[in-house]
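Data first, discussion second: the structure below is written as structure tokens.
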Amino acid sequence: MARDGLGSALLELESLAHEHVFRLKAPRPTFALDMNDEEREIMARHAAHWRPWIESGQMVIFGPVLDSTGSWGLGVVEADDDEELRAFAADDPVVTTSTGTIEVGKMLGGFVRPRLAR
């Protein structure tokens with residue numbers, strides 16, 4: 001791709017007032033790799049908890065990440081109401097069972113590529 005095509009390949013987000021990032025902090029760095037049966041069941045409930053946001057298209061990406069610090073969860077979600085999103089995150093089974101914590105932040109700017117045709 002030509003470098004001068006960067007503007008057409010990446011769409012600058014004019015307003016990120018509705019984009020949020022959340023990070024699920026697991027109880028230990030190896031959590032995604034060595035969950036016990038109870039933790040696996042809680043994580044299944046966690047995924048089901050966020051399913052309405054995924055199905056509505058508001059959840060841009062959602063899933064586990066493995067990096068040099070260990071495993072953690074990432075979600076990027078579009079939400080009009082910060083408090084509603086934070087309350088929903090506080091109701092997540094991971095949080096209510098004290099299996100982990102969820103930090104929610106607001107995106108201040110960025111770029112997104114256009115959806116690829118499949």
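Could you compute the net charge surrounding Arg28? Neighbours are other residues with a C-beta less than 12 Å from the C-beta of Arg28; K and R count +1, D and E count -1. The answer is -1.
Work out, step by step, the length gained on full extension between Asp80 and Asp37: first 0.36 nm times the residue separation, then minus their alpha carbon distance; give nm to one decimal.
On the way: separation 43, 0.36 × 43 = 15.48 nm, distance 3.56 nm.
Gain on stretching Asp80 to Asp37: 11.9 nm.
Taking amide H atoms as placed 1.01 Å from N in the peptide plane, the amide H of Ala79 lies under 5 Å from those of Glu19, His20, each 5 or more residues away in sequence or on another chain. Here the stretch 15-45 and the stretch 48-118 have alpha carbon centers that stand 9 Å from each other.
Net charge within 12 Å of Trp50 by Cβ-Cβ distance, Lys/Arg positive one each and Asp/Glu negative one each, not counting Trp50 itself? Before the final figure, lay out each step's value.
Values: positive: Arg45, Arg51; negative: Glu55, Asp91, Asp92.
Local net charge: -1.
The residues Glu19, Glu41, when put in order of fewest to most other Cβ atoms within 10 Å, stand as Glu41, Glu19. Residue by residue, the stretch 89-94 carries 3J(HN,Hα) couplings of 4, 5, 8, 4, x, 4 Hz when phi is fed to the Karplus relation 6.51 cos²θ - 1.76 cosθ + 1.60 (θ = phi - 60°); x denotes Gly or Pro.
The length gained on full extension between Leu66 and His18, counted as 0.36 nm times the residue separation minus their Cα-Cα distance, comes to 14.6 nm.
The numbers here are math on the coordinates, done by the rules we state, and not lab data. Only a predicted model underlies this, so the values are computations on that prediction, with no experimental measurement involved. Ideal geometry is used to build each Cβ from the backbone, glycine not excepted, and the neighbour counts take in all protein chains shown.
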